[in-house]
Amino acid sequence: MTTRLSARAALAALADPGSFTELTVPVREYAPDGPLGWAGYDDSRERAAARTGESESVVVGTARVGGRDAVLVSFEFGFLGGSLGERTGDRLEAAYAHARDRRLPLVSLIATGGSRMQEGMLALTQLQRVARQSALTRAAGLPQVAVLRDPTTGGGWATLGAGADVVLALPGAQVGFAGSRVRPADADPAAYTAEAQYAAGFVDAVVPPEDLPAVLGTWLRLLTSPHPGPAEPPAALGGVPPGGPARTGWDAVQQARNPARPRAAAYLDAYFELRLPVHGDRAGGTDPGMLCGFGLRAGRTVAYAAQCGTATRPAGYRTAARLIRLADRLGVPVLTLVDTPGAANDAEAEHAGAGAAIADAFAAVASATVPVTTLVIGEGGSGGALALAAPGRTWVTPDSYFSVIAPELAAAILKRPTSEAPTTADQLRLRPEDLVTLGIARGVVPPPGTPA
């Protein structure tokens, strides 16, 4: 279990010194013992106020984090377990409205056990208020970042937490919809942790407390500094292959399959000054063969989704689609790097919804209003590669190919022997130069320092 900071201590640990200004929110008037007349509720509130120095379970205001202005929401777990009641909802609604009025990102520092029992269904409906405010803020094109403290459970996790654009968590924090008192008796406690939620693709990063101010400040910079116009394609790190440009289609295939060829991570490191990943598909899956996130290029932000040379799994496509849609809402251009022999086609991939996931990636690229730029850096295998390719803004490297399907599989479909795969590769016209001639690619990108 992590150390539980008070709401104001959590704010002080993140905000630039002296920058926090609390919002003034009108206080809702209640009859004695609250809206339900719950005997002893007033006494419980008074004890909580005396213990914490707060009049409600959340503190809201504006501050700078890493020099970036933001609206901050910080939960006070010591006040009735950080639970949400009507007055909590008033403060949260005010914070969201202020973020929209001032065009500021909203950061939630969550530590809550869920809805407040003493206010019954009126407390539970605060989740609808939060969801509505989050949707309005999302529609306004403003980023929302959640920091999961200990504990983050119930409706706080299911709205402010899991509904954020970027989700960070403190190590060891209890995170899950079911709080410790309502889980099955035989439930594994390890399943309800920040680390477990990260492994399942619901958390973007688990960040040690001492690193959180810098990481959060960088995220705010990335999410609020979009690059103007389309991203330019990266230079070809592999350069022209030692034997020169591919003379045949089969040569192009072999060059793209060279294990020494530069992969996505090398391209991203060369292209960006710094970058931070988004992790997971928010549906219980991750794919290490798909790198997604935001990076700084010449001081401005570009989003990226990059295949790593493996067969892309459904979770990879869903993560890429999530990244592209988030970038689109924030006005951030997107760079995609294509490098896959094709989509994963094993039984597990089919059970995980391979077709639907690929369709989602196609739809995300097709519907993006920000420019999407694509560079094929290796294998471009069938629809599994095309799903990330931008129509009209795709480039290729000299050591790549793009094909309707791998030559070996094309030969099999055409009922040809395996020995005819090289001939089939030539007929498919999959070389970089062929792709330019066919109008599939806009050009072959040169190595660094080579005139275009």
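A short reminder: the numbers here are calculations on the coordinates, not readings from a lab. Given the structure is predicted, the values throughout are model-derived calculations rather than measurements. A quick note on method: Cβ atoms are made from the backbone with ideal geometry, for glycine too, and the neighbour counts reach across all protein chains shown.
For this structure, a couple of remarks:
- TRP395 long-range amide H proximity, modeled H, under 5 Å: THR374, LEU375, VAL376, ARG442
- Centre-to-centre separation between the Cα atoms of region 284-326 and those of region 362-396: 12 Å.
- For region 155-298, the convex hull spanned by the alpha carbon atoms encloses 173 Å³ per residue.
- Normalised size of region 301-391, defined as Cα radius of gyration per 2.2 N^0.38 Å with N residues, equals 0.99.
- Whole-percent pair-distance distribution, where bins are 5 Å wide, for the alpha carbons of region 256-322: 3, 18, 26, 21, 17, 11, 3
- For region 302-452, the relative contact order works out to 21 percent when only alpha carbon pairs closer than 8 Å and six or more residues apart are counted.
- Counting only DSSP beta bridges with both residues in region 249-437, the antiparallel share comes to about 45 percent.
- Percent antiparallel among DSSP beta bridges (both partners in the chain, rounded to 5): 40
- Using only side-chain charges placed at the Cβ, +1 for Lys and Arg and -1 for Asp and Glu, the dipole size of the chain relative to its Cα centre rounds to 740 debye.
- Positive-pole candidate from LEU375, PRO333, GLY439, dipole of region 313-452, charges at beta carbon: PRO333
- Where the Cα pairs of region 340-393 fall when distances are cut into 5 Å bins, in %: 4, 20, 26, 24, 15, 8, 2, 0
- Under-5 Å amide H pairs with VAL65, H placed in peptide plane, nonlocal only: ASP16, ALA70
- Measuring between their Cα centroids, region 92-118 and region 1-47 lie 12 Å from each other.
- Evaluated at q = 0.09, 0.10 Å⁻¹: base-10 log I(q)/I(0), Debye formula over Cα of the chain: -0.64, -0.75
- Full-stretch length increase - ARG181, ASN258 - with 0.36 nm per residue and alpha-carbon distance subtracted: 22.3 nm
- Cα radius of gyration and Dmax for region 135-188 (Å): 13.0, 43
- Among beta bridges that DSSP assigns inside region 224-352, antiparallel share in %, nearest 5: 70
- The chain, relative contact order in percent, only Cα pairs under 8 angstrom and at least six apart counted: 11
- Taking the number of Cβ atoms within 10 Å of each Cβ as an exposure proxy, the fewest-first ranking of ASP90, ASP204, ASP346 is ASP346, ASP90, ASP204.
- Of ALA31, ALA49, HIS98, farthest towards positive along the dipole that unit charges on Lys, Arg, Asp, Glu beta carbons give region 1-115: HIS98
- With the gyration tensor restricted to C-alpha atoms of region 382-452, the semi-axes of the equivalent ellipsoid amount to 26, 14, 9 Å, longest first.
- Length released on extending from ALA356 to LYS415, taking residue separation times 0.36 nm less the Cα-Cα span: 18.3 nm
- Residue order, fewest to most beta carbons within 10 Å, for LEU136, LEU142: LEU136, LEU142
- Cα-projected label distance for ALA97 with LEU274, points at 7 Å along beta-carbon direction, nm: 3.6
- Under-5 Å amide H pairs with GLY293, H placed in peptide plane, nonlocal only: VAL278, TYR304
- A simple rule links phi to the HN-Hα coupling: the Karplus curve 6.51 cos²θ - 1.76 cosθ + 1.60 with θ = phi - 60°, which for region 210-226 gives 5, 8, 4, x, 5, 5, 5, x, 5, 4, 5, 5, 5, 7, 10, 10, x Hz, with x for Gly and Pro.
- Compared with the alpha-carbon gap, the fully stretched path from GLN427 to ALA190 is longer by 79.9 nm at 0.36 nm per residue.
- Ordered by the count of other Cβ atoms within 10 Å of each Cβ, fewest first, THR137, THR286, THR152, THR112 give THR286, THR137, THR112, THR152.
- Calculated from the alpha-carbon coordinates, region 249-437 shows an Rg and a Dmax of 16.2, 53 Å respectively.
- Expressed as a fraction of 2.2 N^0.38 Å, the C-alpha radius of gyration for region 7-223 is 0.97.
- Selection from ALA410, THR310, ALA139, by position along the positive dipole direction of the chain (Cβ): ALA139
- Net charge dipole, region 273-407: roughly 600 debye, given to the nearest 20, about the Cα centre with Cβ charges of +1 for Lys and Arg and -1 for Asp and Glu.
- Shape analysis of region 208-255 based on the Cα gyration tensor places the equivalent ellipsoid semi-axes at 42, 16, 8 Å, largest first.
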